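Reading through the structure tokens given below for one structure.
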């Protein structure tokens, strides 16, 4: 989870930095547009004042006028101290050229335009104080707004990043646990297989008479059985790690159940276990992934045959909306301590008299029931442990039609 927090904050900082750049660009654009608009409006006022106004009393709002005509100077009331600029007016009177400049007096900024028009010199003064104050207020508002937006966006980015990355972090955590559990689970059958092979090799290489007599067929059968068990475990590992999505088609569950039961008959018979299929006799189609559904039946039967004493029953039934698959056996059943976690990978229960290869006083459930739960969930169904006395029952409920995905 530390990596999740670091990644979340890293993403939040990156998002915040990008947002800051974006908002700075937007704020600069807004200020530039407003400043340009103010400058254009001021220029229009100054042009109007110097070219079309006849009296200082008619000066446009925000401007002050000084008019020099036939040696007489008239000035608007409220003309800033230090203005009008008489030198500029004399220069324009001499050469007739219009001038405009920015002047700063007493900490305030003015635009002074002087022009010769209609035999007189007119000087218009525009006070930029209000415009600058407006720009300052706008800049402060943009700063506060952008700052708040950056903080909120960063917090939202952290929340979204954690929400988006939590499944990934949990998946990585599950993967680490899975690899550790799988390594532990594979070690036992590999060690057992190696030990059997080494013992057989030593007995074959020994020139002395064997007591009891050497039975190669039995030893080879044991090695083959261990190899098959290891192969089944590897297949379960690969199936569990395969996250590819499979196509769903119409599948006859009854025919599939009969086929899997038939394929397990010989293996079960060698253990002295009978496998019976009960329930619906005719075709029962549902929308499902055929390979995944077969894997579900195989995992259920493999688990039941391993622990059954003499009988395994595979029942297929339906109700109005659900198809129910119940696989029961007359074995020792699920201990109370394992029921809440029976469908976890490599669940282990404390029990004596368990499968070969289990630790003393332990019963391993491997990946089989975990795969059953995964396949059921992929099809919108659920799995539960039923009550069977004696024995155990695993009940799978699947929707008879493929559930719609809600997005």
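No value in this document is a laboratory result; all are computed from the given coordinates. Everything numeric here is computed off the predicted structure, so don't read it as measured data. All Cβ positions, even for glycine, are placed from backbone atoms using ideal geometry, and neighbour counts span all protein chains on display.
Summary table below
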read-out	value
Full-stretch length increase - residue 86, residue 171 - with 0.36 nm per residue and alpha-carbon distance subtracted	22.4 nm
Alpha carbon convex hull of the range 2-132, projected area averaged over orientations, nm²	10.8
Whole-number percent relative contact order across the range 2-132, with pairs defined as alpha carbons under 8 Å at least 6 apart	22
Residues 216, 223, sorted so that the one with the fewest Cβ neighbours within 10 Å comes first	216, 223
Virtual spin-label span in nm between residue 262 and residue 319, 7 Å along Cα→Cβ	3.2
Least to most buried among 110, 116 (fewest other Cβ within 10 Å first)	116, 110
Packing-based exposure ordering (other Cβ within 10 Å, fewest first) of 111, 26	26, 111
Length gained when the stretch residue 191-residue 74 is fully extended (0.36 nm per residue, less Cα-Cα span)	30.8 nm
Cβ crowding within 10 Å averaged over residues, with 304-313, 5-14 ranked highest first	304-313, 5-14
Packing rank of 391-397, 98-104, where each peptide gets the mean count of other beta carbons within 10 Å, highest leading	391-397, 98-104
Gain upon complete extension [residue 269, residue 400; 0.36 nm per residue less C-alpha separation]	43.9 nm
Label-point separation, residue 94 to residue 43 (7 Å along Cα→Cβ), nm	2.8
